[in-house]
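Here is the structure we will look at.
The values are calculated or read from the model by the stated rules, or taken from the named source; none is laboratory data. Bear in mind the structure is a predicted one, so any value in this text is a computation, not a measurement. Because the Cβ atoms are built from the backbone with ideal geometry, glycine has one as well, and the counts that use them run over all protein chains shown.
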């Protein structure tokens, strides 16, 4: 079974600063995908960033980047130049590389950006 | 069109009522999902449809009945629910293999 752990239930960051959210996972699979999703108070889950396990290069998406350490099974999210609109619940998710995808979500980190 | 549309956005129902939640996507995705989410918790997978066939049923009580009439539509039929079934119900879709899921805005269900 796959497990995803987010050890930081709540975090806060000053506007324009940088914050890192941690995520670790446990799997025996070799091919898989990792995601960070954001869920603001509007409640829609929005994809932030995606990483394929076979790619060594860390994914980046504008102000968002990941530090993917496959051997350590770690997948942290760095948010640079934090903005008020980044305030949300952030979920790390794991998905096996097979049809009929099943996402395994972590417990989430509630991030507050302080003006 | 990169949207997953869920209706209704809010639903209040009694324990003897029958209601349905609807989900629609026009992205050509062949996998569709129902998730249940309680406040401040991650989404919990309920059902997965792959190519319009039920591929995963996470031991969900029979008072929840999914239906996939075609590749664009996913329904969740509700009957004789309990107050503890009150939650946000999220629909999502994805390509059949190895890509991210797109989520709808959810239906906030309250059972009274």
Among B:78, B:11, B:74, which is the only one that is within 23 Å of residue A:104 (Cα to Cα), in contact (Cβ under 8 Å) with a residue 12 or more places away in the chain, part of a strand (DSSP E or B) and touching a strand residue (DSSP E or B) at 6+ places or on another chain (Cβ under 7 Å)? B:74
Mind checking whether some residue in segment A:8-27 is surrounded by fewer than 13 Cβ atoms within 10 Å (Cβ to Cβ) and without any contact (Cβ under 8 Å) to a residue 24 or more places away in the chain? no
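Out of A:25, A:54, A:90, A:33, I need the residue that is out of contact with any helix residue (DSSP H, G or I) (no Cβ under 9 Å at 6 or more places or on another chain), part of a strand (DSSP E or B) and modelled with pLDDT under 95. Which one? So that I can check it myself, show each step before the final result.
Values: A:25 fails: modelled with pLDDT under 95; A:54 fails: part of a strand (DSSP E or B); A:90 fails: modelled with pLDDT under 95.
Selected residue: A:33, the only one of A:25, A:54, A:90, A:33 that is out of contact with any helix residue (DSSP H, G or I) (no Cβ under 9 Å at 6 or more places or on another chain), part of a strand (DSSP E or B) and modelled with pLDDT under 95.
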Please indicate, with yes or no, whether at least one residue in segment A:57-77 is surrounded by 21 or more Cβ atoms within 10 Å (Cβ to Cβ), without any contact (Cβ under 8 Å) to a residue 40 or more places away in the chain and within 17 Å of residue B:35 (Cβ to Cβ). no
Quick one: in segment A:95-115, which of the residues that are buried (at least 20 other Cβ atoms within 10 Å of the Cβ) and assigned to a loop (DSSP other than H, G, I, E, B) is modelled with the lowest pLDDT? A:101
Mind counting the residues in segment B:12-59 that are away from chain A (no Cβ under 14 Å) and within 13 Å of residue B:89 (Cβ to Cβ)? 5
Looking only at segment B:83-103, count every residue that is at pLDDT below 95, assigned to a loop (DSSP other than H, G, I, E, B) and either closer than 16 Å to residue B:35 by Cβ or away from chain A (no Cβ under 13 Å) (or both) and tell me the total. 2
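How many of the residues in segment A:37-47 are within 10 Å of another protein chain (Cβ to nearest Cβ) and either assigned to a strand (DSSP E or B) or on the phi < 0 side of the Ramachandran plot (or both)?
7
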